[in-house]
Amino acid sequence: MKRLKLLNSGPPGSLKTRMALSFPDKFYIDLEGGADWYADEFGLVEGTNWLKTTDPDTVMEQIDWLLTNRHTFRTVIIDSGTAYYTGLQIKYSDIFHEYEKRSAGNKPDYYKIQPSDWTIIKREGNRLVQKLLMLDMNVIMTAQEKSQYAEGTVMSPTGLKI
């Protein structure tokens, strides 16, 4: 049976979370606390079909569990992919900063992700996408829209991006 794989993006308040929660037999991975308002309406029970986390490793562990165990869930929701990707950046910024502690005056607040660091961050994000595509489940990931700015300018918006 074919399963839906959907990336649902939009501005805040565009009902991305409500739409995702309307799917049956869901497992909801909440990286933003976005479903607190909807828990009763959509039958979310923390620890049963609702995981609250900001840790990308916990998200990956849950997807691995869904891939390798029998369960009754037919839909997995990741809300939001934007928050997941931000979590990856924080995780690896902290790791890379640990490698750079030899530098005098080095503080985590000042660590800037280097171009070569992005390969590792993107690889882990792509690994999550590959696993989601392998799931015999509907997959819905929400993403926040944000402004895209022209290169070489100071805050000149040219459109929107995910």
The range 1-41 - percent of accessible surface contributed by carbon and sulfur, probe 1.4 Å: 55 percent
For the range 36-47, 3J(HN,Hα) per residue [Karplus equation, 6.51 cos²θ - 1.76 cosθ + 1.60, θ = phi - 60°, Hz, x = Gly/Pro]: 3, 6, 10, 3, 5, 4, 10, x, 8, 10, 4, x
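For Leu67, Leu88, write out the residues from largest to smallest accessible area, computed with a 1.4 angstrom probe and no ligands counted. Mind dumping the intermediate values first?
Details: Leu67 60, Leu88 0 Å².
These residues rank, largest area first, as Leu67, Leu88.
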Note, ³J(HN,Hα) from phi for the range 7-15, Karplus 6.51, -1.76, 1.60, rounded to Hz, x at Gly and Pro: 9, 10, 10, x, x, x, x, 8, 6
Charge tally in the Cβ shell below 11 Å around Leu135, where Lys, Arg are +1 and Asp, Glu are -1, Leu135 excluded: +2
Placed amide H near Glu32: partners under 5 Å, 5+ positions off or other chain: Ser80
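Counting only C-alpha contacts under 8 Å and six or more residues apart, can you give the relative contact order of the range 28-104 as a whole percent? Numbers along the way, then the final one.
Numbers: 56 pairs, mean separation 31.7, N = 77.
It rounds to 41 percent for the range 28-104.
Calculate the dipole size of the range 1-144 relative to its Cα centre from +1 charges on Lys and Arg beta carbons and -1 charges on Asp and Glu beta carbons; express the result in debye to the nearest 20.
Details: 18 positive and 19 negative charges, 124 e Å.
So the dipole magnitude of the range 1-144 works out to roughly 600 debye.
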Residues with amide H under 5 Å from that of Trp50, placed H, sequence gap 5 or more: Tyr28, Val45
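The values are calculated or read from the model by the stated rules, or taken from the named source; none is laboratory data. Owing to the predicted nature of the structure, the values given are computational and were not obtained by experimental measurement. Don't worry about glycine lacking a Cβ; one is built from the backbone with ideal geometry, like all the others, and counts go over all protein chains shown. Areas reflect the complete protein model, heavy atoms only, side chains present, ligands, DNA and RNA absent. Shrake-Rupley method; radii C 1.70, N 1.55, O 1.52, S 1.80 Å.
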